[in-house]
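In what follows, a single structure is set out as structure tokens and then discussed.
The values are calculated or read from the model by the stated rules, or taken from the named source; none is laboratory data. Remember, predicted model here, so these are calculated numbers, not experimental data. Backbone-built Cβ (ideal geometry, glycine too); neighbour counts: all protein chains shown. Accessible surface is based on the protein model in full, side chains and every heavy atom, while ligands, DNA and RNA are left aside. Shrake-Rupley method; radii C 1.70, N 1.55, O 1.52, S 1.80 Å.
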Amino acid sequence: MQVADTPVVRRPIAILPDSLINKIAAGEVVERPASVIKELVENSIDAGATRISVVIENGGRTMMRVTDNGCGMADADARLAFARHATSKIGDVGDLFSIQTLGFRGEALASVAGVSHATLITRRPADSGGIRLEASESVVGEPTPCAAAVGTTIEVRDLFYCVPARRKFLRSDSTEFGHIHDMVLRSALAFPEIAFTLEHNGRKVLELPPTADAAERIAAALDKDLRGRLMAIDHEGDTARVTGFIGLPEVARGTNRHQFIFLNGRYIRDRSMLHAMKEAYRGLIDPHQHPVGIIYVHMDPAAFDVNVHPQKIEVRFRDANTPFRLVLGALRQKLLQTDLTRPAVIATRQDDGGVSPVRPSAPAQPNSLDETRQVLAEFFRQPPIEPQPALPIHRMENNAANSTGAAGAVHPLTARPAEKISTAPDGDGPAERASPQTPLRPMTKFVQLHNRYIAAEDDQGIVLIDQHALHERILYEELLGRVRGGPLESQRLLLPVIVEANERQTSNLDRVRPTLEKIGIEINRFDAQSLAVQGLPPLLARLDAYAFIRSLLDYLDEADRTIGDEELLHEILDMASCKAAIKAGDALTTAEIEALLVRREEIDRSSNCPHGRPTTIRLNFAQLEKQFKRR
Ligand code: ADP
Ligand code: MG
């Protein structure tokens, strides 16, 4: 539609002058001061620098300077560096698809100089002195000799001085500097062997010495708290290798700012890889938290295209499924191999030598430190239970378990699956299929306390187990493993459990019926106002079917209609295991405790319940000795 008042004005077609072309290009490449820093630092890395220093004034608005000790430039190259499409990094189309450097488009310096006053000082190792050159609004000056250290310094002043519209969009100095800080961090994480410093308004913000140890660089750059709480990963996939570090579940954060993915040294943002990271931690952390992960993907440059985004922060993979599979495979393998039992947190002693006073009237909080102490005290008062090899744990074949008569006949705690259950999804590499946890000797000395906790000894000290949380995890893993192998057999209940449900709830339930049937939960319409639970799998013999259906109906009422099948299955397994697990307050027999402990060693992710809360805390010998003043 034409707007009557604004006639279309057409100029004759003309090729735009360079100064204008560079301003247009800058719009894509140079969004804010941090974009300039990204380009300059990447150039320094490409130049082989081992030391890079970044100095910023006023959020980068007035001045940014990057100095490196890299290869420097010859006179002729320095003149060309600011020209558009001038690059030393690719020569032909073939190179474009096998890029080994961070830069290759040859437009960064041209764009930067198009919207600022830029100064270049450079000197190659073989040269006796340096040269200096100024460029502004795409006019490049004559190089003049000057004194200089080996390497290159590029100083950028008055960014966007000639593009007021852009200048208006800049945020506060501290916001802009925050982006610069992030940018330098990314490079520092990608290249631990390079020393980085970052200074803002005369204040040192980062000072990172070079290191061969990437974990050390991560802790120094991100958070000292991560020291000793990162797990190294190294996973060889079909088409790529994944290395890096992931945080223990306990260091998960409220934001995803501690997630970094590098592809051949380039920081990228890839939704499916980030999703895989989260997925790998499912059930190990609270669903609202984000795991810490610094992941380096090493892949043949021919397998992806970086030339799809002006800032090269997104890439396109030949095979769209690769990124997700690769990252999930690498992380899951590590998480399943690792003992994630949470160490107990013990209050630090005050200066006067006393322990922080305990408010006597404070109500006992479950899991509180006081209760832990009390439980421990009691543990030591009670005579230890001797190992009881006489009480055998039921071992039954799958079909034996399934053909048992009434659901209640086999105690679900002692009815255990005959084989190790693997939760590895189909299609992942062989490393995933291998039994991830080397089975440990199950703990044989234990005692149930307050009908709620199990205290036991293991080879590292004393563990305290939340019986409900652990049983929940066991049921969850067993159900998941079985469901992956095919639908579970349902056993008819002698008496159906009747639950009231309105029309909408009944139709909601229809949606998940196939999933329920897979698990062996049989629910049918009973009459106009109610549903009947008529069958359950033997594993869920203790399921409080009424409570389960109620919470499932509530969940479906609120659940997003677009929620995927896989997520739905996890939710339902979560709910079913919660409502079928032994409760706090249930007294357990020795055989039942033993069965729990044996199965704890056999299942995956036993350290956390399906909601991500810990099942187990450990007081190791060092902590005990310290507390008892033996050290
Ligand atoms: P690109 O990095 O895509 O090649 P740039 O515009 O960023 O394009 O840089 C143009 C050229 O200038 C580079 O190809 C490189 O040869 C040279 N150059 C830029 N910065 C440096 C530096 N810090 N040290 C050595 N050479 C550099
Ligand atoms: Mg570059």
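Given 20 °C and 1.002 mPa s, how large is the Stokes-Einstein diffusion coefficient of the range 18-208 in µm²/s, with Rh as the Kirkwood radius over Cα pairs?
On the way: Rh = 16.6 Å.
Approximately 129 µm²/s, per Stokes-Einstein.
Hey, got the dipole for the range 214-339? About the Cα centre, +1 on K and R Cβ, -1 on D and E Cβ, debye to the nearest 20? All intermediate terms of the calculation are to be shown ahead of the outcome.
On the way: 18 positive and 15 negative charges, 58 e Å.
Once rounded to the nearest 20, the dipole reads 280 debye.
Please list, in chain and number order, the residues 5+ apart from residue 132 or on another chain whose amide H is under 5 Å from its amide H, with Hs placed from the backbone.
Here 144, 146 satisfy the definition.
For the range 503-552, what relative contact order do you get, as a whole percent, if you take Cα pairs closer than 8 Å and at least 6 residues apart?
26
What number results when the radius of gyration of the range 478-555, computed over Cα atoms, is divided by 2.2 N^0.38 Å?
Details: Rg = 12.1 Å, N = 78, 2.2 N^0.38 = 11.5 Å.
Its radius of gyration relative to the 2.2 N^0.38 Å reference: 1.05.
Output the relative contact order of the range 214-339, whole-number percent, from Cα pairs under 8 angstrom with separation of 6+ residues.
Over the range 214-339, the number comes to 28 percent.
Let me have the relative contact order for the range 18-208, percent, based on Cα pairs under 8 Å that are six or more residues apart.
On the way: 400 pairs, mean separation 53.9, N = 191.
Dividing the mean separation by the residue count of the range 18-208 yields 28 percent.
Kindly report, to the nearest 10 Å², the accessible surface of residue 298 as traced by a 1.4 Å probe over protein heavy atoms only.
Approximately 80 Å² for this residue.
State the Cα centre-to-centre distance between the range 77-101 and the range 117-170 in whole Å.
Using only Cα atoms, the two centres lie 19 Å from each other.
Leaving out ligands, DNA and RNA, what percent of the accessible area of the range 129-263 is carbon and sulfur, probe 1.4 Å?
Of the solvent-accessible surface of the range 129-263, carbon and sulfur hold 51 percent.
Evaluate the Debye formula for the range 214-339 with equal point scatterers sitting on the alpha carbons, no solvent, and hand back log10 of I(q)/I(0) at q = 0.19 Å⁻¹, in q order, two decimals.
Scattering profile of the range 214-339, log10 relative to I(0): -1.04.
Could you tell me which residue out of 188, 249, 206 lies farthest along the dipole of the range 188-269 toward its positive end? Charges go on the beta carbon: Lys and Arg +1, Asp and Glu -1, centred on the Cα centre.
The listed residue farthest towards the positive side: 206.
Rounded to a whole number, what % of the accessible area of the range 473-551 do carbon and sulfur atoms account for, probe 1.4 Å?
Carbon and sulfur atoms account for 52 percent of the accessible area of the range 473-551.
Among the trypsin sites (Lys or Arg not before Pro) within the range 527-584, which fall in a DSSP loop and have no more than 12 other Cβ atoms within 10 Å of their own Cβ?
Answer by residue number: 561.
What is the range 118-233 by shape, rounded, prolate or oblate, if you read a ≥ b ≥ c off the alpha carbon gyration tensor as root eigenvalues and call it rounded for a/c under 1.5, prolate for a/b larger than b/c, and oblate otherwise?
Details: a/c = 3.10, a/b = 1.40, b/c = 2.20.
It is oblate, given that a/c is not under 1.5 and a/b is not larger than b/c.
Which value, in Å², gives the accessible area per residue of the range 18-208 when a 1.4 Å probe is used on the protein heavy atoms? Display every interim value, and only then the final one.
On the way: 8310 Å² over 191 residues.
Result: 44 Å² per residue.
Once neighbouring chains are kept in place and the probe is 1.4 Å, which whole percent of the accessible area of the range 279-329 is contributed by carbon and sulfur?
Accessible surface attributable to carbon and sulfur in the range 279-329 totals 48 percent.
Check cross-link reach from residue 89 to the lysines: straight Cα distance under 21 Å, and skip same-chain residues fewer than eight apart.
Hits, sequence-local ones excluded: 38, 312.
If one puts a single equal scatterer on every Cα of the range 490-631 and applies the Debye formula without solvent, what log₁₀ I(q)/I(0) results at q = 0.20 Å⁻¹?
With one equal scatterer per Cα and no solvent, log10 I(q)/I(0) is -1.29.
Roughly how many whole Å is it from the C-alpha centroid of the range 233-257 to that of the range 269-304?
Result: 7 Å between the Cα centres.
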